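Q: To start, I am sharing the structure in question, which I have written as structure tokens.
The values are calculated or read from the model by the stated rules, or taken from the named source; none is laboratory data. Just so you know, these numbers come straight off a predicted model, no measurement behind them. Cβ sites come from the backbone with ideal geometry, for glycine too, and all protein chains shown count toward neighbours.
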Amino acid sequence: MKASVVSSVGGGFDVQDIELDKPMGCEVLIDVKASGLCHSDLTLARAGIGYAPPVVLGHEVAGVVIALGEEASEFNPGDHVVASLIQFCGRCVQCLSGHTHACLQPEATLREDTEPARLRSSGGRVINQGFGLGGFAAQVLAHENQIARVPKALPFAQAALLGCGVLTGAGAVLNTAGVRHGETVIIIGAGGVGLSGIGGAQLAGASRIIAIDVADGKLERARRFGATDVINSRERDPVQAVRALLPGGADYVFDFVGVRAVIEQGLQMLAKGGGLYLVGIGDGATSVELHALSLQLNQNRIETVYMGSSNLKRDIPFYAEMALAGRFNLAELVSREIALSQINDGFESLKDGAIARVVITDFVN
């Protein structure tokens, strides 16, 4: 099959013909119809973090089940599915408590070292599989725990985004923070994941959803996703602007950017008893100075977010149904569809503020 392989750190993505093993155990073979481009894949490729080259990355996958391992029992050939980077064993205390995103044994979804590799080059060299998926390929072989069934009416390009961006953004609001009807929400960073956060706030019934960004185009799109107010932080002091709209501050602030200045501003936007949720990771080395007494007196909390505290088996089908019911704007998240051979240009285009998400839908060219 064709796959986009990262052969060296910083070397970019190169389309190659590689070999895919047959499904075994609880594995599911998926004919990939759409694979979303996420900034984290680009970071891994450039920095060589997590997976040594050669590696196939990509973790937002939608497609059709075409074969099953002998122990797989949840799916049937022909099912439309979405695969996610959340790997869970289903047996540890976290999984049994419903916190599958915090599984203690995620490696249980992978093959043992003594078993054949899932991916190999045409010359027989083992190719690593990012997040147990390797979604930048014509087919994906993954454990059934990483896969959720979705309605066949949902377009594949939209469905793919449910695997990471939507889970993270909407899940931060609905699962991690547990926003309730009538509460106030601020979304800092109106990219694809932030837009999903706005969608989650709408589903939660938030009374005020304020989007903050530096690009007017993103803020216009944020309004279409459900933001009640928008603030261009390049033109106005965002803290003062928020306080003008919400004199007492906001119940929840979600930072989808991840830089020190934004975190500090987010704290200043909180109402008494409000919470700041850190979703964006910035450069991965961001630090901030906290004043414990001030946090205590204002009864504020700070919490990090991983994958929107999501249970993919529950949440992916839910968002899919909400999209089909017209209650969650998935369609406008897909800004551009490309061929697998255009992946490097696709990642470059993510710098354009007019682009929400780019999705590979052609795995032939």
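Q: How many residues does the stretch 326-341 contain that are in a helix (DSSP H, G or I) and under 30 Å from Cys103 (Cα atoms)?
A: Of the residues in that region, 1 qualify.
Q: Hey, does the stretch 16-24 have a residue that's over 15 Å from Ile127 (Cα atoms), in contact with a Gly (Cβ under 7 Å, 6 or more places away or on another chain) and touching a residue at least 60 places away in the same chain (Cβ under 8 Å)?
A: Yes, the conditions are met somewhere in the stretch 16-24.
Q: For Ser40, state whether it is out of contact with any Lys or Arg (no Cβ under 9 Å at 6 or more places or on another chain) and surrounded by 14 or more Cβ atoms within 10 Å (Cβ to Cβ).
A: yes
Q: Restricting to the stretch 336-352, what's the tally of residues that are closer than 14 Å to His39 by Cβ and either buried (at least 17 other Cβ atoms within 10 Å of the Cβ) or among the small types (Gly, Ala, Ser) (or both)?
A: The qualifying residues number 5.
Q: Among the listed residues Ser97, Ser122, which satisfies the condition of being surrounded by fewer than 17 Cβ atoms within 10 Å (Cβ to Cβ), over 17 Å from the mean Cα position of the chain (by Cα), among the polar types (S, T, N, Q) and at pLDDT below 95? I'd like the intermediate steps shown before the answer.
A: Working: Ser97 fails: at pLDDT below 95.
The conditions single out Ser122.
Q: Check His291 against each of (1) on the phi < 0 side of the Ramachandran plot; (2) in contact with a Gly (Cβ under 9 Å, 6 or more places away or on another chain); (3) surrounded by fewer than 22 Cβ atoms within 10 Å (Cβ to Cβ); (4) not small (Gly, Ala, Ser) and name the one condition it does not meet.
A: (2)
Q: Another question, if that's okay. Take the residues in the stretch 126-162 that are assigned to a loop (DSSP other than H, G, I, E, B) and hydrophobic (A, V, I, L, M, F, W, C), then tell me which one is surrounded by the fewest Cβ atoms within 10 Å (Cβ to Cβ).
A: Filtering first and then ranking leaves Ala153.
Q: So which residues in the stretch 301-325 are part of a loop (DSSP other than H, G, I, E, B) and exposed (fewer than 13 other Cβ atoms within 10 Å of the Cβ)?
A: Ala325
Q: Looking at the stretch 314-332, I want the residues that are of a type in the set (Gly, Ala, Ser) and have a partner that is modelled with pLDDT of 95 or more and surrounded by 13 or more Cβ atoms within 10 Å (Cβ to Cβ) with Cβ atoms under 7 Å, at least 6 apart or on another chain. Which pairs are those?
A: Short answer, once both residue conditions are applied: Ala320/Val150; Ala320/Leu154; Ala320/Ala159; Ala320/Leu162; Ala323/Leu154; Ala323/Gln158; Ala323/Leu330; Ala331/Gln158.
Q: Tell me, which residue of the stretch 239-261 that is of a type in the set (A, V, I, L, M, F, W, C) and more than 26 Å from Gly205 (Cβ to Cβ) is surrounded by the most Cβ atoms within 10 Å (Cβ to Cβ)?
A: Going through the qualifying residues, I end up with Val259.
Q: Just to be sure I understand, how many residues within the stretch 301-348 are more than 20 Å from Val61 (Cβ to Cβ) and of a type in the set (Gly, Ala, Ser)?
A: The qualifying residues number 3.
Q: Of these, Asn298, Asn365, which one is of a type outside the set (Asp, Glu), surrounded by fewer than 17 Cβ atoms within 10 Å (Cβ to Cβ), within 24 Å of Gly275 (Cβ to Cβ) and modelled with pLDDT under 95?
A: Answer to the selection: Asn298.
Q: OK, next. Filter the stretch 272-288 for residues that are loosely packed, with under 14 Cβ neighbours inside 10 Å and at pLDDT below 95 and give the result. Walk me through how you get there before you give the answer.
A: Residues of the stretch 272-288 loosely packed, with under 14 Cβ neighbours inside 10 Å: 272-273, 283-285, 287.
If the condition is that a residue be loosely packed, with under 14 Cβ neighbours inside 10 Å and at pLDDT below 95, then Asp283, Gly284, Ala285, Ser287 are the ones that fit.
Q: Answer yes if at least one residue in the stretch 92-107 is of a type in the set (Ser, Thr, Tyr) and free of Cβ contacts under 8 Å to residues at least 24 places away in the same chain, and no otherwise.
A: Scanning the stretch 92-107 turns up at least one residue that is of a type in the set (Ser, Thr, Tyr) and free of Cβ contacts under 8 Å to residues at least 24 places away in the same chain.
Q: Something else: Among the residues of the stretch 68-83, is there at least one that is buried (at least 17 other Cβ atoms within 10 Å of the Cβ), of a type in the set (Asp, Glu) and either touching a strand residue (DSSP E or B) at 6+ places or on another chain (Cβ under 7 Å) or assigned by TED's automatic domain parsing to the domain that holds Lys22 (or both)?
A: The answer is yes, given that some residue of the stretch 68-83 is buried (at least 17 other Cβ atoms within 10 Å of the Cβ), of a type in the set (Asp, Glu) and either touching a strand residue (DSSP E or B) at 6+ places or on another chain (Cβ under 7 Å) or assigned by TED's automatic domain parsing to the domain that holds Lys22 (or both).
Q: Let me ask another. Which of the numbered conditions does Gly217 fail, given that it passes all the others? Conditions: (1) more than 22 Å from Ile355 (Cβ to Cβ); (2) modelled with pLDDT under 95.
A: The one condition Gly217 does not meet is (1).
Q: Kindly provide the set of residues from the stretch 342-352 that are in a loop (DSSP other than H, G, I, E, B) and either of a type in the set (Val, Ile, Thr) or more than 18 Å from the chain's Cα centre (by Cα) (or both), ordered by number.
A: Scanning the stretch 342-352 gives a single hit, Asp352.
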